[in-house]
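Quick notes on the structure that follows.
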């Protein structure tokens, strides 16, 4: 193990002062994650994430769009969040937005920062750091919105899918249900504390509640009354 770590460290040292290879694969194929690389302006989907609950060739389209579709939208949105917006189409750091666009972006982002800062994690009695997690929250909200639009576009071209037997749920509802399922889990207090204090991602439950409560499409699909917790009158939207 030590020899392997030593070899890896030496490989990384050898890259110093060398030209950047923008075609080099940046992660292991078994990783269950996805990435946006601002220096290369690309998104990476290892084989590890192309499996249930995110994706299956046997799933109805509603589940796949609510799973891997949202992840794809999430990573694309990173190109236009608080960090990604600082890089141009070739991955070079530069300011390519005008002042009016930046001001509008900051106003919309502040709404989301304030919203997420009001979420409390009951396991540790602490609030989410809305500023630290803003990039991921922007991507979660944008990815959900764009993937649902893509799903409805697919339906307009190919027609509604057949209902799943034994479930009294529409496919629009299943889209949002699978989105919620991909963040389903339990947290030990120590894990919750670590996430709240240091992670750029909001804890799983908040990654469900935040984007869904900002979604007009979710409110329509589940008939949430206006003014209810999952359909507030005031919603935040960046993209």
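What follows draws every value from the coordinates through simple rules; no lab data is involved. Bear in mind the structure is a predicted one, so any value in this text is a computation, not a measurement. Using ideal geometry, Cβ is built from the backbone for each residue, glycine included, and neighbour counts are taken over all protein chains shown.
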* Asked: Hey, can you rank 69-78, 55-64 by average C-beta count inside 10 Å, highest first?
  -> 69-78, 55-64
* What is the list of residues in the stretch 165-205 whose amide nitrogen lies under 19 Å from a point 7 angstrom out from the Cα of residue 117, following Cα to Cβ? -> 196-203
* To do: For residue 161 and residue 17, calculate 0.36 nm times their separation in residues minus their Cα-Cα distance, and state this gained length in nm to one decimal.
  => 46.4 nm
* For the stretch 86-239, go through all pairs of different Cα atoms, get the mean of 1/r, take its inverse, and jot down that Kirkwood value in Å. => 17.4 Å
* Per residue convex hull volume, Cα atoms of the stretch 33-170, in Å³ -> 168 Å³
